[in-house]
Amino acid sequence: MTRIVLTEFISLDGVIEEPRWTFQFERGPDGSQFKWDELFNSEALLLGRVTYQGFAQAWPSMGNDDFGKRMNSIPKYVVSSTLTDAEASWGPTTVIRGEVVAEIAKLKEQSGGDLLVEGSSELAQTLIAHGLIDEYRLMLFPVVLGAGKRLFPAEVNETATLTLTEAKPDRDGVMLLTYHPAPDKASATDAGAA
């Protein structure tokens, strides 16, 4: 079964939008390894249209090192109702249209490696709302932005608890955090009673 791994640069107040604000912080070797591991442990990228188009403009000119080569060559899925197949030309790309949640749920049922979601705030919120995220990898930056698109939707149908599985400080007060959805307490209690 394929896992969906969500990775984000995030401010203390939950903003993930256009993370140019991260440039003021120095990422240390642990932060670089954090990003390397998630990319090279993934089988494909799963992106929203805006992130895909931004990456497709930037990454082809940054393909000189192994990380850039991987970004350009890794298979990509892009969620869009407007992007044409001809416009989806950055490396091997499949456009997901129609019933996005159902299509992504089908991808999860396939055997294979991780699907890595980067940026893509609308897609991230949709996946979160439908319980499709298997791992959250967050680089938490010590800044409060006050405005911008946030990772989690303003309203959720039910509370979701996450389990912190790794926390490591990096340079400049940046934290490298990994979370997994916590097991459902009712299911765990029922399983224990059986």
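Laid out as a table, the results:
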{"quantity": "Residue-normalised accessible area of the chain, given per residue in Å² at a 1.4 Å probe", "calculated": "55"}
{"quantity": "Antiparallel content of DSSP bridges confined to the chain, in %, to 5", "calculated": "35"}
{"quantity": "Mean separation of Cα contacts under 8 Å (6+ apart) over length of segment 1-87, as relative contact order %", "calculated": "27"}
{"quantity": "Accessible surface ranking that places the most exposed of His130, His180 first, with a 1.4 angstrom probe", "calculated": "His130, His180"}
{"quantity": "Solvent-accessible surface ranking, highest first, for Lys168, Lys108 at 1.4 angstrom", "calculated": "Lys168, Lys108"}
{"quantity": "P(r) weight above 15 Å for segment 46-102, C-alpha pairs, percent", "calculated": "44"}
{"quantity": "Relative contact order %, the chain, counting alpha carbon pairs below 8 Å whose residues are six or more apart", "calculated": "35"}
{"quantity": "222 nm mean residue ellipticity, helices alone, for the chain (DSSP H n ≥ 4; -39,500 (n - 2.57); rounded to 500)", "calculated": "-8500 deg cm²/dmol"}
{"quantity": "Interchain or long-range residues, amide H under 5 Å from Lys149's placed H", "calculated": "Ile16, Glu17"}
{"quantity": "All lysines inside 30 Å of Lys106 as judged from Cα atoms, apart from same-chain residues fewer than 8 positions distant", "calculated": "Lys35, Lys69, Lys76, Lys149, Lys185"}
{"quantity": "Ordering of 78-90, 8-20 by burial proxy (mean other Cβ atoms within 10 Å per residue, highest first)", "calculated": "8-20, 78-90"}
{"quantity": "Surface share of carbon and sulfur [accessible, 1.4 angstrom probe, percent] for segment 25-166", "calculated": "49"}
{"quantity": "Reduced Cα scattering model of the chain, Debye log10 I(q)/I(0), q = 0.12, 0.13 Å⁻¹", "calculated": "-0.62, -0.73"}
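The values are calculated or read from the model by the stated rules, or taken from the named source; none is laboratory data. Treat the numbers as computed from the prediction; the structure is a model and nothing was measured. All Cβ positions, even for glycine, are placed from backbone atoms using ideal geometry, and neighbour counts span all protein chains on display. To get the accessible areas, we keep the full protein, side chains included, count just its heavy atoms, and leave off ligands, DNA and RNA. Shrake-Rupley method; radii C 1.70, N 1.55, O 1.52, S 1.80 Å.
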